[in-house]
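Reviewing the structure listed below.
The values are calculated or read from the model by the stated rules, or taken from the named source; none is laboratory data. Everything numeric here is computed off the predicted structure, so don't read it as measured data. Here the Cβ positions follow ideal geometry from the backbone for every residue, glycine too, while neighbour counts run over all protein chains shown. Calculation scope for accessible area: heavy atoms of the full protein, side chains included, ligands and nucleic acids excluded. Shrake-Rupley method; radii C 1.70, N 1.55, O 1.52, S 1.80 Å.
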Amino acid sequence: MNIERIKEELARTYVKIEKLQKKARNLEEQKKQAEDMEYLKIIRSNGVSAEELQLMIDISKEEQKKILETREKEQTENEEIS
């Protein structure tokens with residue numbers, strides 16, 4: 001293969017890559033939108049209000065903080081024992 005043919009093939013390959021990257025970004029966005037719609041369907045089908053959903057998120061965040069604090073405390077105690 002001569003250099004010019006390689007350059008041409010390389011240019012075509014980069015064009016294909018760019019098209020595939022755009023397609024992948026588009027599909028990722030479609031996937032996110034579909035997931036969001038599924039979440040919304042679940043929320044609506046269970047009659048959860050926006051306030052209740054926010055409360056669940058806040059409680060979940062608090063529980064996560066407690067779990068992390070407990071793990072850090074246990075890890076510190078284990079390191080002190082070792």
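Overview of values
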| item | result |
| --- | --- |
| Charge-dipole axis of the chain as Lys and Arg at +1 and Asp and Glu at -1 on Cβ define it, positive-most pick from 59, 34, 46 | 34 |
| Which label in [x] 2.16; [y] 1.01; [z] 1.49 gives the computed Cα Rg over 2.2 N^0.38 Å | [x] |
| Lysine pairs within the chain, Cα separation less than 25 Å, 8 or more sequence positions apart or different chains | 18 |
| For the range 58-73 and the range 9-54, distance of Cα centres in Å | 30 Å |
| Degrees between helix 3-45 axis and first principal axis of the chain (Cα, 0 to 90, nearest 10) | 30 degrees |
| Surface per residue (accessible, 1.4 Å probe) for the chain, Å² | 98 Å² |
| GNM top mover of 30, 64, 54 - the chain, alpha-carbon springs below 10 Å | 64 |
| Solvent accessible area, Å² - residue 43, 1.4 Å probe, full protein context | 50 Å² |
